[in-house]
Amino acid sequence: DPYIDEPKRNFPFIVNSEKPFNAEPALPFLMKNFITPSEIFYVRNHLPVPLVEIEDYKLEITGLGVNETKLSLDDLKTKFPKVSVIATIQCAGNRRSEMSEVKPVKGLNWNAGAIGNAVWSGARLQDVLKFCGLQNIANINHIQFEGLDTDATNAPYGASIPIEKFLNSYSDVILAYEMNGEPLSRDHGFPVRVIVPGVVGARNVKWLSRIVLSENESPSHWQQNDYKGFSPSVDWDTVDFKSSIAIQELPVISAICEPVNNQKVKLQNGKLIVSGYAWSGGGSKIIRIDLTADKGLKWHTAKIIHQENANPGRCWSWVLWKAEIDIDKSSTNKVEIWAKATDSNYNVQPESFANIWNLRGVLGNAYHRIKVYISD
Ligand code: MTE
Ligand code: MO
């Protein structure tokens with residue numbers, strides 16, 4: 001059993017799969033904190049969790065333009081300034097369960113909890129690569145990352161990001177050894193993971209073992225033949241993974257966390273209290289969250305209760321929001337609530353899952369719709 005060295009867990013919420021381990025918190029708990037506590041932060045593993053002896057751990061940096069270098073965890077901690085970045089990470093499959101209601105898709109059945117916001121601390125990728133002698137970036141198009149976790153053919157988990165993420169100091173890419181002020185837990189990538197703020201979870205490689213500067217994207221399955229979007233009309237018989245590009249920065253999204261779908265609720269002075277999160281990839285800033293209780297006849301703008309103070313382009317954290325919606329109780333006790341967010345590029349969530357459906361169930365950012373039952 002390749003899973004015999006898994007960490008001890010008492011994850012309190014929804015376990016989507018045991019081997020590999022995948023779990024997400026219930027939405028009302030996720031909503032409780034701007035900084036998601038590590039214990040309830042979703043876990044997305046594709047493979048067994050590697051068992052790392054810290055004395056043996058070395059991060060290898062190799063490829064075009066660098067002197068081949070090996071760094072211990074201690075080197076990372078002592079040779080480079082420690083920086084902290086608050087960043088949201090989201091799985092491309094977040095909210096997949098809603099997309100699969102349109103038509104089944106292949107993948108873990110995530111609700112809206114495959115997202116979290118944490119304080120990540122470590123060394124800047126820029127500092128580390130400069131230390132490795134990187135000056136001339138000619139021919140380098142991509143930075144590849146490999147994890148210590150391997151599949152049945154011994155291939156490691158891998159991903160890559162475009163070189164531009166390294167060139168722009170404001171992209172805040174770090175090699176993190178701490179999450180929320182503590183060493184990374186085994187499930188979240190101990191001892192070192194890369195954090196690429198604003199970029200899909202899949203590129204935030206855990207248990208980082210190798211960085212390769214290359215002309216090409218990562219050759220890994222997860223870069224080449226997974227985590228890509230397609231037209232709703234493409235199915236498993238016709239899909240050509242080479243015809244689409246790897247997901248990097250994620251589109252704008254929001255979700256209602258409280259109440260949850262199908263919950264019985266009480267009005268407060270005739271108003272329904274609704275709260276949730278919103279986030280957009282690439283550092284775009286959330287500028288508004290709009291809700292409707294009558295399928296768009298009237299929209300209510302939510303109050304943002306927690307937001308990072310940063311310019312558009314460098315907003316890595318989600319926002320938490322709350323709205324009070326007048327409900328006309330005379331008509332029916334069943335109410336449908338829709339939520340949609342707008343980001344600083346004025347990109348808005350699409351209306352329906354039907355028109356963004358894709359066979360892998362990724363990029364599920366349509367309006368979040370829940371039904372609630374008003375009780376007295
Ligand atoms: N890194 C490695 N080495 N192996 C993995 O399976 N999963 C990726 C990414 N990094 C993964 C990985 C995916 S798809 C996501 S969404 C995030 O890690 C999840 O990070 P978390 O488990 O800390 O929430
Ligand atoms: Mo993911």
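At-a-glance table
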read-out	value
The stretch 14-243: relative contact order in percent, alpha carbon pairs under 8 Å with at least 6 residues between	22 percent
Stretch in the chain that is longest and holds no chymotrypsin sites (Phe, Trp or Tyr not before Pro) that DSSP places in a loop and that have at most 11 other beta carbons within 10 Å	1-235
Counting all C-alpha pairs of the stretch 147-195, share separated by more than 14 Å (%)	62 percent
Difference of contour (0.36 nm per residue) and Cα-Cα distance, Asp151 to Asp376	75.6 nm
Approximate spin-label separation Ser352-Asn311, in nm, with each point projected 7 Å along Cα-to-Cβ	4.1 nm
Accessible carbon and sulfur surface of the stretch 162-319 relative to its total accessible area, %, 1.4 Å	47 percent
Long pairs among Lys8/Lys79; Lys8/Lys285; Lys266/Lys298; Lys106/Lys165, criterion Cα-Cα beyond 28 Å	Lys8/Lys79; Lys8/Lys285; Lys106/Lys165
Cα-based shape type of the stretch 40-148, given that a ≥ b ≥ c are square roots of the gyration tensor eigenvalues and the cut on a/c is 1.5	prolate
Amide N proximity, the stretch 39-68 versus Asn10 label position 7 Å along Cα-to-Cβ, cut-off under 14 Å	39-40
Fully extended contour minus Cα-Cα distance, from Asp326 to Lys266, at 0.36 nm per residue	20.4 nm
Estimated distance in nm for a label pair at Lys295 and Ser17, the labels positioned 7 Å out from Cα along Cα-to-Cβ	3.7 nm
Separation between Cα centres of the stretch 340-376 and the stretch 199-229, rounded to whole Å	27 Å
Cleavage-rule hits (trypsin sites (Lys or Arg not before Pro)) in the stretch 103-146: DSSP loop, at most 15 neighbouring Cβ within 10 angstrom	Lys106
Hits among aspartates and glutamates - C-alpha to C-alpha of Lys371 under 17 Å, sequence gap 8 or more where chains match	Glu98, Glu101, Glu258, Asp290, Asp294, Glu324, Asp326, Asp328, Glu336, Glu351
R0 of 56 Å, Cβ-Cβ distance Asn136-Glu53: FRET efficiency to nearest 0.05	0.95
Principal axes of the stretch 253-375: Cα extent on each, largest first, Å	45, 37, 23
More than 37 Å apart - percent of Cα-Cα pairs taken over the chain	21 percent
Within the chain, longest stretch clear of exposed GluC sites (Glu not before Pro) (DSSP loop, no more than 14 other Cβ within 10 Å)	69-214
Distance between modelled label sites at Glu182 and Tyr170, nm, 7 Å Cα→Cβ extension	3.5 nm
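The values are calculated or read from the model by the stated rules, or taken from the named source; none is laboratory data. These numbers come from a predicted model, not from an experiment. All Cβ positions, even for glycine, are placed from backbone atoms using ideal geometry, and neighbour counts span all protein chains on display. Quick note on the areas: whole protein, heavy atoms, side chains included, nothing else; ligands and nucleic acids left out. Shrake-Rupley method; radii C 1.70, N 1.55, O 1.52, S 1.80 Å.
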